[in-house]
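The values are calculated or read from the model by the stated rules, or taken from the named source; none is laboratory data. Since the model is a prediction, treat every value here as computed from it, not as a measurement. FYI the Cβ positions are ideal-geometry reconstructions off the backbone, even for glycines, and counts take in every protein chain you see. Just so you know, the surface numbers come from the protein's heavy atoms only, side chains and all, with ligands and any DNA or RNA stripped out. Shrake-Rupley method; radii C 1.70, N 1.55, O 1.52, S 1.80 Å.
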Amino acid sequence: MSRLNYQAARFLTSAPTLAKCPADGGAEVAFAGRSNAGKSSAINALTRQKALARTSKTPGRTQLINFFALGEDADHRLVDLPGYGYAKVPEKVKLEWQRHLADYLRRRASLRGLVLVMDVRHPLTEFDQTLLGWADEADMPVHILLTKADKLKRGAATSALQQVRSRLREWEDLVTVQLFSALKKQGLEEVHARLDDWLLAERQ
Ligand SMILES: Nc1nc2c(ncn2[C@@H]2O[C@H](COP(=O)(O)OP(=O)(O)O)[C@@H](O)[C@H]2O)c(=O)[nH]1
Ligand SMILES: [Mg+2]
């Protein structure tokens, strides 16, 4: 059983930039990942809501940072970051967003951890690796979801998991990895446990 009530998640606000984010108090966990990786679907599965974070077959539309509060107050938050890597976004906009993201990781005091969502069939893209580098610099723990695990046979999924773990061995103090499927609701408890740990930890 998770300690926080993820089903009670509600939309709080959207922000176009870090400067317009809600007050930097309490604790939050941000979800990042390539467009179409399955980020919104993961948030919906974790909160058992069908359309809390919009899912879309047209990736890359959301360029806003969306905040969700777990319950009445806004002390515990999930944050849906804009997806990256969408081809139709102009290069200038991409670079601008990357700068914001790096700032957010460095400066957001309430940010306790990053959930990095990757398609299990296409893990560790170039920008995933860039992001891991920034997280490392910011000393920000990362939990990786290898999602869409339902698209692979069990053996292939397990071997993808092992490969990613071994490629990330140098970061094993900061990074954890698991298989996930929003479609099959696979791996929810493991994510909830990680989110509980981060969101309920005493500030150091
Ligand atoms: N089979 C399968 N498809 C998924 C899963 N998660 C997401 N998808 C599909 O992948 C596409 C992109 O998902 P979405 O959550 O919008 O990705 P986002 O751009 O990262 O937020 C949609 O068509 C989803 O239905 C999953 O666990 N299994
Ligand atoms: Mg999305």
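What is the percent carbon and sulfur in the accessible area of the chain, measuring with a 1.4 Å probe over the protein chains and ignoring ligands? Result for the chain: 48 percent of the exposed heavy-atom area is carbon or sulfur. Summed over the residues of region 1-107 and divided among them, the accessible surface reaches 53 Å² per residue at a probe radius of 1.4 Å.
Going down the list Lys50/Lys153; Lys94/Lys148; Lys88/Lys151; Lys92/Lys148; Lys20/Lys94, which pairs span over 28 Å between their C-alpha atoms? Among Lys50/Lys153; Lys94/Lys148; Lys88/Lys151; Lys92/Lys148; Lys20/Lys94, the Cα-Cα distance tops 28 Å for Lys92/Lys148. The charge dipole of the chain, taken about its Cα centre with unit charges on the Cβ of Lys, Arg, Asp and Glu (plus for the first two, minus for the last two), comes to roughly 1040 debye. Pairs of Cα atoms nearer than 8 Å and 6+ residues apart set the relative contact order; for the chain it is 25 percent. From its DSSP helices (H runs of at least four residues, each -39,500 (n - 2.57)), the chain gives a residue-normalised ellipticity at 222 nm of -10000 deg cm²/dmol.
Over all pairs of different C-alpha atoms in the chain, the reciprocal of the mean inverse distance, the Kirkwood hydrodynamic radius, equals 16.9 Å. Mind checking which of Ala15, Val93, Asn36 is farthest towards the positive end of the chain's charge dipole, using Cβ charges of +1 (Lys, Arg) and -1 (Asp, Glu) about the Cα centre? The residue sitting farthest along the positive end of the dipole is Asn36.
For the chain, the membrane-span-like helix rule (DSSP H, alpha carbon extent of at least 15 Å along the helix axis, mean Kyte-Doolittle at least -0.5) picks out 188-200; this says nothing about an actual membrane.
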